[in-house]
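**Student:** Next up is a structure, given as structure tokens.
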Amino acid sequence: MTTSIVVGGSGGIGQAIAQYFAERGDTVVVASRDKARAESVAAELGGDTHGLAVDLAEPETIAAAFGAVTEVDNLVLTAAPLESNTIADFDVRGAVRSVTVKLVGYAETVRVLRDRFRPGAAVVLFGGLAKDRPYPGSTVVTTFNAGISGLTRTLAVEIGPYRVNALHPGFVGDSPRWRDAPRPPQVDRAPIGRPVTMAEIVDATDFLLRNTAMTGHDLHVDGGLPLI
């Protein structure tokens, strides 16, 4: 039996990944800072799926939150605070919280669960296109997504032979965050001529988890948008 954990699995892309795991028969842990939401999504997904409250903004609580987890095959971290922040109007408290979630929280989650990894276990950390394509208000998002690349490389070295990779989605047109928002005009000028889909992000996640030669890499799933 495969055990797959999705941190940030109670909505959006994270929920789509958790659904994929549940449909193929994994034991799935949907982790979210909102316990009721995590348990509701777990019940909706069905199978051997469980909801768990984990708040990456409070990294000192992560070890206790995962206390009941005994083994891990796949660990996917998608949780992302996406609040707008600029240098001109800098929200220090918001910036500290965001960076704590994405860098300290991600790192602590891997540390806590590493000793429970089964042979062949793999980790996928989510970043984003803002790493290389800043937009108005992305000061902190761009910074922590770039940090994900560094964290991925050091973890791949530190915890090998367990594998660690990063996935950086572009504009995911059918995700809850973007499907009702105005589409940036450059998306349709990308080489594939359309937005990326959640199914393509799920497939890319699965590739990074199952391909045993992939570790320490940044995989950009963006339809070639940076090329224009």
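**Student:** When you look at ALA166, is it open to solvent by less than 10 Å² (accessible area, probe 1.4 Å) and under 13 Å from the mean Cα position of the chain (by Cα), yes or no? So that I can check it myself, show each step before the final result.
**Tutor:** Numbers: open to solvent by less than 10 Å² (accessible area, probe 1.4 Å): yes; under 13 Å from the mean Cα position of the chain (by Cα): yes.
When the stated conditions are applied, ALA166 passes them.
**Student:** Let me ask something else about it. Tell me whether segment 106-114 contains one or more residues that are in contact (Cβ under 8 Å) with a residue 12 or more places away in the chain, open to solvent by 20 Å² or more (accessible area, probe 1.4 Å), touching a Gly at 6+ places or on another chain (Cβ under 7 Å) and not small (Gly, Ala, Ser). If you could, list the steps in order and put the result at the bottom.
**Tutor:** Let us first name the residues in segment 106-114 that are in contact (Cβ under 8 Å) with a residue 12 or more places away in the chain, namely 106-110, 112-114.
From the residues that got through so far, the ones that are open to solvent by 20 Å² or more (accessible area, probe 1.4 Å) too are 107-108, 114.
So of that shortlist, the ones also touching a Gly at 6+ places or on another chain (Cβ under 7 Å) come out as none.
Within segment 106-114, none of the residues are in contact (Cβ under 8 Å) with a residue 12 or more places away in the chain, open to solvent by 20 Å² or more (accessible area, probe 1.4 Å), touching a Gly at 6+ places or on another chain (Cβ under 7 Å) and not small (Gly, Ala, Ser).
**Student:** Let me ask another. Looking at segment 35-47, can you tell me whether even one residue there is within 18 Å of GLY105 (Cα to Cα) and touching a residue at least 40 places away in the same chain (Cβ under 8 Å)?
**Tutor:** The answer is no; no qualifying residue exists.
**Student:** Here is a check on your reading of the model: is THR61 part of a loop (DSSP other than H, G, I, E, B) and either in contact (Cβ under 8 Å) with a residue 24 or more places away in the chain or open to solvent by 40 Å² or more (accessible area, probe 1.4 Å) (or both)?
**Tutor:** Numbers: part of a loop (DSSP other than H, G, I, E, B): no; either in contact (Cβ under 8 Å) with a residue 24 or more places away in the chain or open to solvent by 40 Å² or more (accessible area, probe 1.4 Å) (or both): yes.
No; evaluated as a whole, the condition is false for this residue.
**Student:** Show the residue pairs that are 6+ apart or on different chains and have beta-carbon atoms under 7 Å apart, the first residue being within segment 136-158 and more than 16 Å from LEU77 (Cα to Cα), the second being open to solvent by 20 Å² or more (accessible area, probe 1.4 Å) and of a type in the set (D, E, K, R).
**Tutor:** THR142/LYS131
**Student:** Same structure again: Select, from ALA213, ALA181, ALA121, the only residue that is within 16 Å of VAL76 (Cα to Cα) and more than 15 Å from the chain's Cα centre (by Cα).
**Tutor:** Values: ALA213 fails: within 16 Å of VAL76 (Cα to Cα); ALA181 fails: within 16 Å of VAL76 (Cα to Cα).
Unique residue meeting the criteria: ALA121.
**Student:** Looking only at segment 1-24, count every residue that is in contact (Cβ under 8 Å) with a residue 24 or more places away in the chain and assigned to a loop (DSSP other than H, G, I, E, B) and tell me the total.
**Tutor:** 6
**Student:** Please determine whether any residue of segment 48-57 is assigned to a helix (DSSP H, G or I), free of Cβ contacts under 8 Å to residues at least 40 places away in the same chain and open to solvent by 30 Å² or more (accessible area, probe 1.4 Å).
**Tutor:** The initial filter retains those residues of segment 48-57 that are assigned to a helix (DSSP H, G or I), namely none.
The answer is no, given that none of the residues of segment 48-57 is assigned to a helix (DSSP H, G or I), free of Cβ contacts under 8 Å to residues at least 40 places away in the same chain and open to solvent by 30 Å² or more (accessible area, probe 1.4 Å).
**Student:** So LEU208 clears everything in (1) closer than 30 Å to ALA63 by Cβ; (2) in contact with a helix residue (DSSP H, G or I) (Cβ under 9 Å, 6 or more places away or on another chain); (3) in contact (Cβ under 8 Å) with a residue 24 or more places away in the chain; (4) of a type in the set (A, V, I, L, M, F, W, C) except one condition, right? Which one?
**Tutor:** Among (1) closer than 30 Å to ALA63 by Cβ; (2) in contact with a helix residue (DSSP H, G or I) (Cβ under 9 Å, 6 or more places away or on another chain); (3) in contact (Cβ under 8 Å) with a residue 24 or more places away in the chain; (4) of a type in the set (A, V, I, L, M, F, W, C), LEU208 violates only (2).
**Student:** Which of the residues spanning segment 127-155 are open to solvent by less than 20 Å² (accessible area, probe 1.4 Å) and either among the aromatic types (Phe, Trp, Tyr) or under 18 Å from the mean Cα position of the chain (by Cα) (or both)? Before you say what the answer is, go through the steps one by one.
**Tutor:** Going through segment 127-155, the residues open to solvent by less than 20 Å² (accessible area, probe 1.4 Å) turn out to be 127-128, 130, 137-138, 140-141, 144-145, 148-149, 152, 155.
The answer is GLY127, GLY128, ALA130, SER138, VAL140, VAL141, PHE144, ASN145, ILE148, SER149, THR152, LEU155.
**Student:** Would you check if GLU44 is over 26 Å from THR143 (Cα atoms) and part of a helix (DSSP H, G or I)? Please lay out each step first, then the result.
**Tutor:** Numbers: over 26 Å from THR143 (Cα atoms): yes; part of a helix (DSSP H, G or I): yes.
Judged against the criteria, GLU44 is a match.
**Student:** Just give me the residues in segment 184-220 being in a helix (DSSP H, G or I), open to solvent by 40 Å² or more (accessible area, probe 1.4 Å) and closer than 25 Å to GLU23 by Cα, in sequence order. Give the steps one after another, and end with the answer.
**Tutor:** At the first step, the residues of segment 184-220 found to be in a helix (DSSP H, G or I) are 185-189, 198-210.
Cutting the leftovers down to open to solvent by 40 Å² or more (accessible area, probe 1.4 Å) gives us 185-186, 188-189, 199-200, 203, 207, 210.
Hits for segment 184-220 are ALA199, GLU200, ASP203, PHE207, ARG210.
**Student:** Identify all residues within segment 167-194 that are at pLDDT 95 or above, within 22 Å of VAL6 (Cβ to Cβ) and not aliphatic (A, V, I, L, M); write none if there are none.
**Tutor:** The answer is HIS168, PRO169.
The values are calculated or read from the model by the stated rules, or taken from the named source; none is laboratory data. Model, not experiment: these values are computed from the prediction. Please note: Cβ atoms are built from the backbone with ideal geometry, for glycine as well, and neighbour counts cover all protein chains shown. Areas reflect the complete protein model, heavy atoms only, side chains present, ligands, DNA and RNA absent. Shrake-Rupley method; radii C 1.70, N 1.55, O 1.52, S 1.80 Å.
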